[in-house]
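I have placed the structure first, in the form of structure tokens, so that the comments after it can refer back to it.
The values are calculated or read from the model by the stated rules, or taken from the named source; none is laboratory data. Keep in mind that what you see is a predicted model, and the values were worked out from it rather than measured. Positions of Cβ are generated from backbone atoms using ideal geometry, with glycine treated the same way; all protein chains shown enter the neighbour counts. SASA here: full protein model, heavy atoms, side chains in, ligands and nucleic acids out. Shrake-Rupley method; radii C 1.70, N 1.55, O 1.52, S 1.80 Å.
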Amino acid sequence: MPTTTDIEQSITRLRAEINHHNHQYYVLDDPQIPDAEYDRLMQTLQALEQKAPELITLDSPTQRVGARPLAGFDEVPHTVAMLSLDNAFSEEEMSAFDRRVCERLEVDEVIYCAEPKLDGLAVSLRYEDGVLVRAATRGDGRVGEDITQNVRTIGSIPLHLMGDDYPRVLEVRGEVYMAKAGFEALNIRQREKGEKPFVNPRNAAAGSLRQLDPKITATRPLAIFCYGVGAVEGGELPASHSETLQRLRDWGLRISPETQKVNGVAGCLEYYRQIGERRAALPYEIDGVVFKVDAVKQQQALGFVSRAPRWAIAHKFPAQEEMTRLIDIDIQVGRTGALTPVARLEPVFVGGVTVTNATLHNEDEVRRKDVRIGDTVIVRRAGDVIPEVVSVVLAHRPDDAHSFVMPDSCPVCGSEVRRVEGEAVSRCSGGLYCSAQRKEAIKHFASRRAMDIEGLGDKLVDQLVDKQWVQSVADLYDRERLSHQRLAGMERMGDKSADNLIAAIDKSKQTTLARFLFALGIREVGEATAQALANYFGSLPAIIKAYKEALLQVPDVGPVVADNLCNFFHERHNRDVILSLQAHGVQWPDVEAAIDRPQPLVGKTFVLTGTMETMTRDEAKTQLQALGAKVSGSVSKKTAYVVVGADPGSKRDKAEKLGVTLLDETAFKSLLIEVAGER
Ligand code: 5U1
């Protein structure tokens, strides 16, 4: 009879052996034993674990599938935001990106780390003490969904990191994708089962990860390439991105074999050309190449704008184009009343999806391209952007093709259509009288980055407005208008969906000032501007009361946005909606207003040059601005101080010539502490 210690030893040995073969097969693509032998090892381990179930651990290779189906996905806040990437669509845009990077870093050439951009789904994997404890989708970048159960079924994702020198907490970021062959095979199985095939590998990957039953995910041929890190605690990573990827590889994570360091923009363009040539032969779909500044210090000096880092870019492959017939041109009325001509097309498959509508942008564009109803047109789709009509194939123009005329009254509400001199856009003048504008305003209000009302989709909003149950965003919170009974009786709803929607609406009542401002849908007030307004004024009454001159003091607010804000809050109707929302319990905490804080550095201009050890340039800038200073990009006689980090550029020399005071990092930090103390 084998003793418990014998069993324990066998289990440990078998797990190590299986993990090794898993890594060889899924990560290195270099299997060392036949499948039958691997299956035998697994069966032996399963049998031993059945004999000693107390020895089963979460990271055992037998535990990849097994959990029961979920009722839904929990939310996971990302400790370090999951960023998105800016795009470049041409060599000129790539060169402009590289110029910006070099200018900011004050260097002549930068080393980049290049890798293909896969068309899949971004995920974050959290390892604690080497064990995979959580996997999440990107979501809105700040909060994602918990897909741990499903991710555990993916063979190329280790349940336990290899080696022993990994940080105590390590969040790994990567793209889960489905290879071309796996996608074809899956679609054959789908058709055989009488189920709908997937349109493209990306949709198949996303659909597979969003399965509530991990047993289904386990049957899907998913894989991962890891491309970065999020939170790191209890350990340090190397000083460059390329070395970090090598460490991830050492810990058993799958990294693209195409990853390569390149020199300057010339190196980037050459890499892009070479991958482009091999694109069709690659076993997975890619939609471009990602370039990242390799040195972590330089990444820190460059910092971020909004949701994307300044140190990375996706150079996309050219958009895909197809020919089809334009059946008609409809008018879409947007949130701000803008009328957009939309081409209704004979369905055409472009870049992996079937396209039936494409934007024509505005009246001038229709005229410039001479697009007529009945024409054969070229349709383009680039990445995730809305498909557009690029041009007309004149040789195919039929005799009865006829021109498009912008209507002079709104097709939805009949109000007069106006076009302001010098603007390309025609607008419905109906404002919130127009049900189309109301619908769009409500969709924007409920959207994820605004009030984040889950389950209030576009179709539901259309129905609620058409039934006249919801006339303004405040009506969403009115339980008489939006009763459980009414909601449950709607198309594709029921008791449970109605309950969930009401709970989501109630949850949205606790929000932030920035989200609320953004949700109001004031023209040209995007997320960043809403955040800047909230930081500067701290409360909604202060913003409503502010004159144009005060609004212009807010970073990023120019005369047009200031006018839009004044006009919006001047409207009685808008103020009533805000009051009604607050009366229904919508609330947010006030924040400390920048204007209330003393600003000891008002009137002083700083210039930052070189790389600091303990803070990024963006952090230094934010601190200086909070103290009232202006931060400029160039040195002049008016500059009060030039802050000099490591490897400074020509700004330091210029400052010396002009006799401007130079501060090294230590002196700069002392100054910050000193003036902050004065507040
Ligand atoms: N290959 C790759 N894809 N991708 C996507 N690298 C990469 N990096 C990303 C994203 C969103 O973001 C980091 C630059 C933060």
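Could you give me the percent of Cα pairs per 5 Å distance bin for the stretch 98-154, shortest bin first, beginning at zero and ending with the bin that holds the maximum distance?
Result, from short to long distances: 4, 15, 15, 14, 12, 13, 11, 11, 5, 1 percent.
State the Kirkwood hydrodynamic radius of the stretch 440-566 in Å, one decimal place, computed from all pairs of distinct Cα atoms.
About 15.7 Å, per the Kirkwood formula over Cα pairs.
How big is D, in µm² s⁻¹, for the stretch 329-396 by Stokes-Einstein at 10 °C and 1.306 mPa s if Rh is the Kirkwood radius over C-alpha pairs?
128 µm²/s
At a 1.4 Å probe, what is the % contribution of carbon and sulfur to the accessible area of the stretch 256-323?
52 percent
Counting only protein heavy atoms and using a 1.4 Å probe, what share of the accessible area of the stretch 590-665 belongs to carbon plus sulfur, as a whole percent?
46 percent
How long are the three semi-axes of the equivalent ellipsoid of the stretch 244-335, in whole Å, if each is the root of 5 times an eigenvalue of the C-alpha gyration tensor, listed from largest down?
Here the semi-axes work out to 33, 21, 14 Å.
Along the charge dipole of the chain, which of L520, M493, G139 sits closest to the positive end, that is, farthest toward it, with unit charges on the beta carbon of Lys, Arg, Asp and Glu (+1, +1, -1, -1)?
Farthest towards the positive end: L520.
To make sure I understand the rule: partners must be aspartates and glutamates, Cα under 19 Å from the Cα of K51, and not fewer than 8 residues away in the same chain. Which ones qualify?
List returned: D6, E8, D39, D59.
Before rounding to the nearest 500, sum -39500 (n - 2.57) across all DSSP H runs of length at least 4 in the chain and divide by the residue total; then give [θ] at 222 nm in deg cm²/dmol.
Counting only the DSSP helices, I get -10500 deg cm²/dmol.
Where the convex hull is taken over the Cα atoms of the chain, what is its projected area averaged over directions, in nm²?
37.1 nm²
Which of the GluC sites (Glu not before Pro) found in the stretch 140-213 are loop residues per DSSP with 12 or fewer other Cβ atoms within 10 Å of their Cβ?
E195
Would you mind working out the magnitude of the charge dipole of the stretch 337-465 relative to its Cα centre, with +1 at each Lys and Arg C-beta and -1 at each Asp and Glu C-beta, to the nearest 20 Debye?
So the dipole magnitude of the stretch 337-465 works out to roughly 220 debye.
Could you provide, to the nearest whole Å², the per residue accessible area of the stretch 520-679 with probe 1.4 Å?
Solvent-accessible surface per residue comes out at 54 Å².
Give me the 1.4 Å probe accessible area per residue for the stretch 175-285, excluding ligands and nucleic acids, in Å².
Solvent-accessible surface per residue comes out at 48 Å².
If you average 1/r over every pair of different alpha-carbon atoms in the stretch 1-98 and take one over that average, what Kirkwood value in Å do you get?
It works out to 17.7 Å.
Taking the Cα centre of the chain as the origin and placing charges on Cβ (Lys, Arg +1; Asp, Glu -1), which of N187, A114, V76 is farthest toward the positive end of the dipole?
Farthest towards the positive pole: V76.
Identify unpaired cysteines across the chain, taking unpaired to mean no other cysteine Cβ lies under 4.7 Å from the residue's Cβ.
That list is C102, C113, C226, C268, C566.
Cα centroid distance between the stretch 44-89 and the stretch 432-454, in Å?
36 Å
Send over the Kirkwood Rh of the stretch 595-663, from the inverse of the averaged 1/r over different Cα pairs, rounded to one decimal Å.
Every distinct Cα pair counted, the radius reaches 12.2 Å.
Per residue Cα convex hull volume for the stretch 521-679, in cubic angstrom?
So the per-residue hull volume is 132 Å³.
Could you check the simple spin-label distance between D370 and D590, using points 7 Å along Cα→Cβ, in nm with one decimal?
6.3 nm
Quick check: the distance between the Cα centres of the stretch 144-198 and the stretch 635-676, to the nearest angstrom?
50 Å
Given the whole protein assembly as supplied and a 1.4 Å probe, what does the accessible area of V143 come to in Å², nearest 10?
50 Å²
Leaving out ligands, DNA and RNA, and with a 1.4 Å probe, what % of the accessible surface on the stretch 54-162 is carbon or sulfur?
49 percent
So which of K117/K297; K215/K443; K261/K669; K316/K507; K548/K630; K297/K651 end up more than 29 Å apart, counting from Cα to Cα?
Among K117/K297; K215/K443; K261/K669; K316/K507; K548/K630; K297/K651, the Cα-Cα distance tops 29 Å for K215/K443; K261/K669; K316/K507.
Report the far tail of the P(r) of the stretch 152-284, meaning the percent of Cα-Cα pairs longer than 20 Å.
57 percent
Evaluate the Debye formula for the stretch 367-496 with equal point scatterers sitting on the alpha carbons, no solvent, and hand back log10 of I(q)/I(0) at q = 0.13, 0.14, 0.15 Å⁻¹, in q order, two decimals.
Those come out to -0.80, -0.88, -0.94, one per q.
Suppose every Lys and Arg Cβ carries +1 and every Asp and Glu Cβ carries -1, with no other charges. What dipole size does the chain come out with about its Cα centre, to the nearest 20 debye?
I would put it at about 1060 debye.
Hey, got the dipole for the stretch 512-613? About the Cα centre, +1 on K and R Cβ, -1 on D and E Cβ, debye to the nearest 20?
200 debye
In the stretch 546-600, which GluC sites (Glu not before Pro) are in a loop and have at most 10 other Cβ atoms within 10 Å, using DSSP for the loop call?
For GluC sites (Glu not before Pro) across the stretch 546-600 that sit outside H, G, I, E and B with at most 10 neighbouring Cβ atoms in 10 Å, the list reads E592.
So, taking all protein chains as they sit and a 1.4 Å probe, how much accessible area belongs to T12, in Å² rounded to tens?
Near enough 90 Å² of accessible area.
At 1.4 Å probe size, put R142, R68, R381 in order of accessible surface, largest to smallest.
From most accessible down to least: R68, R142, R381.
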